[in-house]
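As structure tokens, the structure follows; a few thoughts come after it.
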Amino acid sequence: MNAIQAEPGTRLIVALDFADADTALDFTRQLDPAQCAVKVGFELFVVAGPDLLSRLHDLGFRVFLDLKFHDIPNTVAAACRAAARTGVWLLNLHASGGLEMMQAAHAAVRETNDTTALLAVTVLTSSNARTLREIGVQREPADQVGLLGALAVQKAGLDGLVCSAQEASMLRERLGPTPLLVTPGIRLEQAGGDDQKRVMTPERAIAAGASAVVVGRPITRAPEPARAVETFVRRLGSPR
Ligand code: C5P
């Protein structure tokens with residue numbers, strides 16, 4: 001049983017895609033940490049830094065720090081150690097950085113903070129077969145996702161993956177019930193998804209094997225974000 005399956009408020013992660021700390025904090029104060037966690041990405045972290053993470057923690061929220069590290073093993077391990085010290089709940093890197101990089105990062109996180117889980121991004125959902133060929137990868141995206149997912153979870157011992165909901169059932173089948181699978185691209189209706197090309201409903205994502213979903217605009221741009229959170233929480237069902 002992992003932290004996402006065991007605890008309330010961990011199935012929904014709201015993406016704080018805002019340009020500054022005050023806007024992000026004012027928005028987050030409308031939410032309930034018993035119902036959702038929050039995600040801080042590049043833009044907000046570059047602007048607001050670790051101080052924002054402390055303030056989100058002070059409000060009682062679990063934080064997914066979505067910085068997708070990718071560098072030489074020593075540098076990524078140091079970044080992961082520093083991030084784990086801030087007390088974030090989830091942290092991620094690019095599996096394409098290789099096994100040695102992931103093993104170094106995993107060891108750094110484990111020796112720093114028992115409660116931080118390290119996830120890998122396999123192939124970005126913006127990539128297709130042509131994008132992969134451009135960088136010398138001749139495999140289909142789904143095969144590359146499977147290969148990198150197995151490398152991250154089974155060989156490097158990472159806690160899970162960030163993946164599209166479309167990939168979740170294939171990854172569950174290959175990797176079993178334990179790894180966390182965190183899926184963005186979630187919408188309440190199957191059609192229409194801002195700039196997301198392939199979207200899935202909360203129910204279908206969970207049925208496909210997702211442990212948690214990341215939702216941005218359907219909540220951040222809702223007229224009543226707290227009500228939108230309640231809808232997503234209800235439709236995600238309770239953790240097993
Ligand atoms: O607004 P929306 O629900 O599309 O936001 C999704 C969030 O998940 C954004 O922060 C986006 O960067 C992130 N994400 C994604 N697709 C991925 C990986 C991350 O949409 N493959």
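No value in this document is a laboratory result; all are computed from the given coordinates. Treat the numbers as computed from the prediction; the structure is a model and nothing was measured. As a convention, Cβ positions derive from the backbone with ideal geometry for all residues, glycine included, and neighbour counts pool all protein chains shown.
With a simple spin-label model that places each label point 7 Å from the Cα along the Cα-to-Cβ direction, the separation between R55 and E173 comes to 4.6 nm.
Using 0.36 nm per residue and subtracting the Cα-Cα separation, the extra length available between L147 and R221 on full extension is 23.0 nm.
Straight Cα distances below 12 angstrom link K39 to the aspartates and glutamates D17, D66, with same-chain residues fewer than 8 positions distant left out. The lysines within cross-link reach of K155, meaning a Cα-to-Cα straight distance under 18 Å and a gap of 8 or more places when in the same chain, come to none at all.
Taken about its Cα centre, segment 3-236 carries a charge dipole of roughly 500 debye when the Cβ of each Lys and Arg holds +1 and the Cβ of each Asp and Glu holds -1. Residues F45, F232, arranged from fewest to most other Cβ atoms within 10 angstrom of their Cβ, appear as F45, F232. Hull volume per residue, based on the alpha-carbon atoms of the chain and their convex hull, is 119 Å³.
Kirkwood radius for segment 124-180, taken over all pairs of different Cα atoms as the inverse mean of 1/r, rounds to 11.8 Å. Stretching the chain fully between T115 and R198 yields a gain of 26.7 nm (0.36 nm per residue, less the alpha carbon separation).
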